[in-house]
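In what follows, a structure is listed as C-alpha coordinates, so that the remarks can point back to it.
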Amino acid sequence: MTRVLVAGESWVSVSTHYKGFDAFTTTTYHTGFEPLRDVLVADGVEVDHLPAHDVPKLFPGTIEALSAYDVIVLSDIGANSILLHPDTWLSSGKTVNRIELLANWVEQGGGLAMAGGYLSFQGFEAKAAYSGTAVERVLPARISRYDDRVETPQGVPGLLAGAPHPITAGLPAEWPDLLGYNRFEVPEDATLLATVGGDPLLAVRDAGAGRTLAWASDIAPHWCPDEFVAWEGYATLFTRAVRWLAKEI
(Lines give C-alpha, C1' and ligand atoms only; values in the text may rest on other atoms or scores of the structure.)
Protein backbone atom coordinates (compact mmCIF):
# COMPACT_ATOMS: atom_id res chain seq x y z
CA MET A 1 0.00 0.00 0.00
CA THR A 2 1.23 3.47 -0.88
CA ARG A 3 2.05 5.40 2.28
CA VAL A 4 1.96 9.20 2.57
CA LEU A 5 3.02 11.54 5.37
CA VAL A 6 1.29 14.93 5.47
CA ALA A 7 3.32 17.34 7.63
CA GLY A 8 1.64 20.57 8.75
CA GLU A 9 -1.98 21.57 8.05
CA SER A 10 -2.86 22.30 11.67
CA TRP A 11 -2.92 25.43 13.80
CA VAL A 12 -3.87 26.76 17.22
CA SER A 13 -5.92 29.98 17.46
CA VAL A 14 -6.00 32.15 20.58
CA SER A 15 -8.79 34.73 20.95
CA THR A 16 -9.29 37.39 23.61
CA HIS A 17 -12.93 38.31 24.28
CA TYR A 18 -13.62 41.75 25.76
CA LYS A 19 -16.95 42.24 27.55
CA GLY A 20 -16.98 45.63 29.20
CA PHE A 21 -14.73 45.62 32.25
CA ASP A 22 -13.85 41.93 31.88
CA ALA A 23 -11.97 39.83 29.38
CA PHE A 24 -11.18 36.17 28.88
CA THR A 25 -9.13 34.09 26.44
CA THR A 26 -10.12 30.98 24.49
CA THR A 27 -7.89 28.58 22.57
CA THR A 28 -9.03 26.38 19.67
CA TYR A 29 -7.24 23.72 17.59
CA HIS A 30 -7.87 23.24 13.87
CA THR A 31 -6.75 20.92 11.07
CA GLY A 32 -7.07 21.33 7.32
CA PHE A 33 -5.79 18.07 5.84
CA GLU A 34 -9.09 16.15 5.84
CA PRO A 35 -10.15 16.79 2.21
CA LEU A 36 -6.80 15.49 0.92
CA ARG A 37 -6.80 12.60 3.38
CA ASP A 38 -10.30 11.53 2.43
CA VAL A 39 -9.68 11.32 -1.32
CA LEU A 40 -6.37 9.50 -0.83
CA VAL A 41 -7.80 6.98 1.63
CA ALA A 42 -10.71 6.34 -0.74
CA ASP A 43 -8.11 5.51 -3.40
CA GLY A 44 -6.40 2.97 -1.16
CA VAL A 45 -3.55 5.18 0.08
CA GLU A 46 -2.44 5.05 3.72
CA VAL A 47 -2.15 8.59 5.13
CA ASP A 48 -0.33 9.63 8.31
CA HIS A 49 -0.68 13.17 9.62
CA LEU A 50 2.05 14.98 11.57
CA PRO A 51 0.43 18.14 13.01
CA ALA A 52 2.43 21.35 12.89
CA HIS A 53 3.11 21.43 16.65
CA ASP A 54 4.65 17.94 16.45
CA VAL A 55 6.86 18.60 13.41
CA PRO A 56 9.85 20.09 15.31
CA LYS A 57 10.22 16.99 17.48
CA LEU A 58 8.81 14.17 15.38
CA PHE A 59 9.55 14.92 11.70
CA PRO A 60 11.70 12.01 10.43
CA GLY A 61 15.39 12.49 11.17
CA THR A 62 16.96 9.64 9.22
CA ILE A 63 16.81 8.32 5.65
CA GLU A 64 15.37 5.10 7.06
CA ALA A 65 12.54 6.95 8.82
CA LEU A 66 11.73 8.94 5.69
CA SER A 67 11.80 5.76 3.63
CA ALA A 68 8.88 4.37 5.62
CA TYR A 69 6.87 6.63 3.29
CA ASP A 70 6.54 6.73 -0.48
CA VAL A 71 5.53 10.41 -0.49
CA ILE A 72 6.03 13.32 1.91
CA VAL A 73 3.64 16.29 1.63
CA LEU A 74 4.68 19.59 3.21
CA SER A 75 1.59 21.76 3.59
CA ASP A 76 1.52 25.07 5.43
CA ILE A 77 4.55 24.27 7.58
CA GLY A 78 7.62 26.51 7.52
CA ALA A 79 11.26 25.48 7.19
CA ASN A 80 12.04 26.49 10.78
CA SER A 81 9.73 23.80 12.14
CA ILE A 82 11.72 21.14 10.27
CA LEU A 83 15.13 22.64 11.01
CA LEU A 84 14.75 23.31 14.74
CA HIS A 85 14.51 20.11 16.73
CA PRO A 86 13.89 20.79 20.46
CA ASP A 87 17.33 19.34 21.24
CA THR A 88 18.83 22.23 19.29
CA TRP A 89 16.29 24.95 20.15
CA LEU A 90 16.09 24.21 23.87
CA SER A 91 19.37 22.50 24.69
CA SER A 92 21.89 23.86 22.13
CA GLY A 93 22.61 20.33 20.94
CA LYS A 94 23.62 19.38 17.42
CA THR A 95 20.91 17.66 15.40
CA VAL A 96 20.63 16.54 11.78
CA ASN A 97 19.65 19.17 9.21
CA ARG A 98 16.33 17.63 8.21
CA ILE A 99 15.85 20.02 5.28
CA GLU A 100 19.05 18.69 3.70
CA LEU A 101 18.13 15.15 4.70
CA LEU A 102 14.73 15.48 2.99
CA ALA A 103 16.32 16.71 -0.24
CA ASN A 104 18.84 13.86 -0.15
CA TRP A 105 16.03 11.35 0.38
CA VAL A 106 14.26 12.72 -2.69
CA GLU A 107 17.39 12.44 -4.81
CA GLN A 108 17.73 8.82 -3.67
CA GLY A 109 14.22 8.03 -4.91
CA GLY A 110 11.61 9.63 -2.62
CA GLY A 111 8.54 11.61 -3.64
CA LEU A 112 8.04 15.13 -2.24
CA ALA A 113 5.16 17.57 -2.67
CA MET A 114 4.78 21.10 -1.34
CA ALA A 115 1.30 22.60 -1.20
CA GLY A 116 0.71 26.33 -0.89
CA GLY A 117 -0.35 28.34 2.11
CA TYR A 118 0.71 31.16 4.41
CA LEU A 119 3.62 29.02 5.65
CA SER A 120 4.57 27.35 2.38
CA PHE A 121 7.20 28.28 -0.20
CA GLN A 122 8.30 31.70 1.14
CA GLY A 123 4.95 32.51 2.66
CA PHE A 124 3.40 35.32 4.67
CA GLU A 125 6.03 37.97 5.47
CA ALA A 126 8.60 35.48 4.08
CA LYS A 127 8.27 33.40 7.28
CA ALA A 128 8.04 29.99 5.59
CA ALA A 129 11.64 30.63 4.45
CA TYR A 130 12.23 27.81 1.96
CA SER A 131 14.05 30.07 -0.51
CA GLY A 132 17.69 29.04 -0.78
CA THR A 133 17.22 25.75 1.09
CA ALA A 134 17.98 22.23 -0.06
CA VAL A 135 14.23 21.61 -0.45
CA GLU A 136 14.10 24.37 -3.06
CA ARG A 137 16.96 22.58 -4.83
CA VAL A 138 14.72 19.60 -5.57
CA LEU A 139 11.30 21.24 -5.97
CA PRO A 140 9.94 22.32 -9.38
CA ALA A 141 9.89 25.88 -8.00
CA ARG A 142 12.25 28.81 -7.76
CA ILE A 143 11.08 30.53 -4.61
CA SER A 144 11.05 34.28 -3.99
CA ARG A 145 13.07 35.76 -1.14
CA TYR A 146 10.06 37.90 -0.25
CA ASP A 147 6.42 37.42 0.74
CA ASP A 148 5.15 35.44 -2.25
CA ARG A 149 1.40 35.38 -1.59
CA VAL A 150 -1.06 36.39 -4.29
CA GLU A 151 -4.51 37.04 -2.83
CA THR A 152 -7.38 36.62 -5.31
CA PRO A 153 -10.57 37.05 -3.25
CA GLN A 154 -12.54 37.51 -6.47
CA GLY A 155 -11.63 33.96 -7.50
CA VAL A 156 -9.30 32.96 -10.34
CA PRO A 157 -9.62 29.65 -12.23
CA GLY A 158 -6.86 27.13 -12.71
CA LEU A 159 -5.98 26.48 -16.35
CA LEU A 160 -4.28 23.51 -17.97
CA ALA A 161 -0.88 24.26 -19.46
CA GLY A 162 1.79 22.43 -21.41
CA ALA A 163 1.93 18.92 -22.76
CA PRO A 164 -0.32 16.05 -21.61
CA HIS A 165 0.77 14.39 -18.37
CA PRO A 166 -0.53 11.38 -16.38
CA ILE A 167 -1.60 13.67 -13.52
CA THR A 168 -3.80 15.96 -15.62
CA ALA A 169 -4.85 13.65 -18.47
CA GLY A 170 -8.55 14.04 -19.22
CA LEU A 171 -9.11 16.98 -16.88
CA PRO A 172 -10.96 20.00 -18.34
CA ALA A 173 -9.02 23.00 -19.61
CA GLU A 174 -10.49 25.27 -16.90
CA TRP A 175 -10.80 24.39 -13.22
CA PRO A 176 -12.89 25.98 -10.43
CA ASP A 177 -11.77 29.26 -8.88
CA LEU A 178 -9.03 29.55 -6.27
CA LEU A 179 -8.83 32.42 -3.77
CA GLY A 180 -5.04 32.75 -3.58
CA TYR A 181 -1.70 31.08 -4.07
CA ASN A 182 2.07 31.38 -3.65
CA ARG A 183 3.89 32.81 -6.66
CA PHE A 184 7.01 30.95 -7.79
CA GLU A 185 8.95 30.40 -11.01
CA VAL A 186 9.38 27.03 -12.71
CA PRO A 187 12.98 25.93 -13.42
CA GLU A 188 13.90 24.86 -16.95
CA ASP A 189 14.10 21.16 -16.09
CA ALA A 190 10.60 21.09 -14.56
CA THR A 191 7.24 20.65 -16.30
CA LEU A 192 4.40 23.15 -15.87
CA LEU A 193 0.99 21.43 -15.79
CA ALA A 194 -1.40 24.23 -14.79
CA THR A 195 -1.50 27.98 -14.19
CA VAL A 196 -3.53 30.39 -12.08
CA GLY A 197 -3.68 34.13 -12.68
CA GLY A 198 -0.87 33.80 -15.23
CA ASP A 199 1.44 32.17 -12.66
CA PRO A 200 2.37 28.50 -12.10
CA LEU A 201 -0.22 26.48 -10.20
CA LEU A 202 1.01 22.92 -10.65
CA ALA A 203 4.50 21.81 -11.67
CA VAL A 204 6.45 18.55 -11.49
CA ARG A 205 10.09 17.58 -11.73
CA ASP A 206 12.46 14.64 -11.66
CA ALA A 207 15.11 15.21 -8.97
CA GLY A 208 17.84 12.61 -9.09
CA ALA A 209 16.12 9.25 -8.65
CA GLY A 210 13.06 10.91 -7.07
CA ARG A 211 10.14 13.05 -8.11
CA THR A 212 8.75 16.35 -6.78
CA LEU A 213 5.59 18.39 -7.19
CA ALA A 214 4.62 21.96 -6.35
CA TRP A 215 0.97 22.98 -5.90
CA ALA A 216 0.79 26.76 -5.46
CA SER A 217 -2.57 26.97 -3.68
CA ASP A 218 -4.06 25.33 -0.58
CA ILE A 219 -5.26 21.73 -0.46
CA ALA A 220 -8.39 22.93 1.39
CA PRO A 221 -10.05 26.21 2.44
CA HIS A 222 -9.29 29.03 2.67
CA TRP A 223 -7.48 29.50 -0.67
CA CYS A 224 -8.96 26.26 -2.02
CA PRO A 225 -12.68 26.84 -1.39
CA ASP A 226 -15.44 24.27 -0.99
CA GLU A 227 -16.32 24.62 -4.69
CA PHE A 228 -12.87 23.35 -5.66
CA VAL A 229 -12.81 20.58 -3.06
CA ALA A 230 -16.26 19.36 -4.21
CA TRP A 231 -15.16 19.33 -7.87
CA GLU A 232 -14.70 15.76 -9.07
CA GLY A 233 -11.35 16.77 -10.54
CA TYR A 234 -10.01 17.45 -7.02
CA ALA A 235 -9.90 13.74 -6.18
CA THR A 236 -8.54 12.86 -9.62
CA LEU A 237 -5.84 15.51 -9.46
CA PHE A 238 -4.46 14.71 -6.01
CA THR A 239 -4.74 10.93 -6.12
CA ARG A 240 -2.90 10.90 -9.44
CA ALA A 241 -0.32 13.33 -8.04
CA VAL A 242 0.48 10.95 -5.19
CA ARG A 243 0.55 7.94 -7.49
CA TRP A 244 2.90 9.77 -9.85
CA LEU A 245 5.20 10.82 -7.01
CA ALA A 246 5.25 7.20 -5.81
CA LYS A 247 6.16 6.10 -9.40
CA GLU A 248 2.99 4.09 -9.81
CA ILE A 249 1.94 5.94 -12.96
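The values are calculated or read from the model by the stated rules, or taken from the named source; none is laboratory data. Small disclaimer: the values here were computed from a predicted structure and weren't measured. Because the Cβ atoms are built from the backbone with ideal geometry, glycine has one as well, and the counts that use them run over all protein chains shown. All accessible areas refer to the heavy atoms of the entire protein, side chains included, with ligands and DNA or RNA removed. Shrake-Rupley method; radii C 1.70, N 1.55, O 1.52, S 1.80 Å.
Debye sum, Cα scatterers, the stretch 43-176, no solvent: what log₁₀ I/I(0) at q = 0.10, 0.19, 0.21 1/Å? Rounded to two decimals, the profile gives -0.40, -1.24, -1.38. Using the Cβ of residue 53 as centre and a radius below 13 Å, the other residues enclosed give a net charge of -2, where K and R count +1 and D and E count -1.
Starting from the Cα gyration tensor of the stretch 30-103, take the square roots of the eigenvalues, sort them a ≥ b ≥ c, and report rounded, prolate or oblate (rounded when a/c is under 1.5, otherwise prolate if a/b is larger than b/c, else oblate). Walk me through the intermediate numbers first.
Details: a/c = 2.86, a/b = 1.75, b/c = 1.63.
Verdict is prolate for the stretch 30-103.
Overall, the anisotropy analysis places the stretch 123-165 in the oblate class: the square-rooted eigenvalues a ≥ b ≥ c of its C-alpha gyration tensor yield a/c not less than 1.5, with a/b not exceeding b/c. Solvent-accessible area per residue in the chain equals 45 Å², computed with a 1.4 angstrom probe and all protein chains kept.
Taking the inverse of the mean 1/r over every pair of distinct Cα atoms in the chain gives a Kirkwood hydrodynamic radius of 18.4 Å. A DSSP coil position with no more than 14 other Cβ atoms inside 10 Å describes the following chymotrypsin sites (Phe, Trp or Tyr not before Pro) in the stretch 20-125: 21.
I need the shape label for the stretch 90-132. Rule: rounded when a/c is under 1.5, else prolate if a/b > b/c, else oblate, with a, b, c from the alpha carbon gyration tensor. Intermediate results must be reported in sequence, preceding the final value.
Values: a/c = 2.75, a/b = 1.09, b/c = 2.53.
Judged from the Cα gyration tensor, the stretch 90-132 comes out oblate (a/c at least 1.5, b/c at or above a/b).
Hydrodynamic radius of the stretch 163-249 by the Kirkwood approach over all distinct alpha-carbon pairs: 13.5 Å. With contributions of -39500 (n - 2.57) from each DSSP H run of at least four residues, the per-residue ellipticity at 222 nm computed over the chain stands at -6000 deg cm²/dmol. For the chain, a simple Cβ point-charge model (Lys and Arg +1, Asp and Glu -1, everything else neutral) yields a dipole of about 520 debye relative to the Cα centre.
Where nothing but the Cβ of Lys and Arg (+1) and of Asp and Glu (-1) is charged, how large is the charge dipole of the stretch 75-157 around its Cα centre, in debye to the nearest 20? Mind dumping the intermediate values first?
Numbers: 7 positive and 9 negative charges, 30 e Å.
Approximately 140 debye in magnitude.
For residue 95, the shell of other residues with beta-carbons less than 11 Å away shows a net charge of +2, using +1 for Lys and Arg and -1 for Asp and Glu. Relative to one another, the C-alpha centroids of the stretch 179-204 and the stretch 25-56 are positioned 24 Å apart. Within the shell of other residues whose beta carbon sits under 15 angstrom from the beta carbon of residue 66, the net charge comes to -2, with Lys and Arg scored +1 and Asp and Glu -1.
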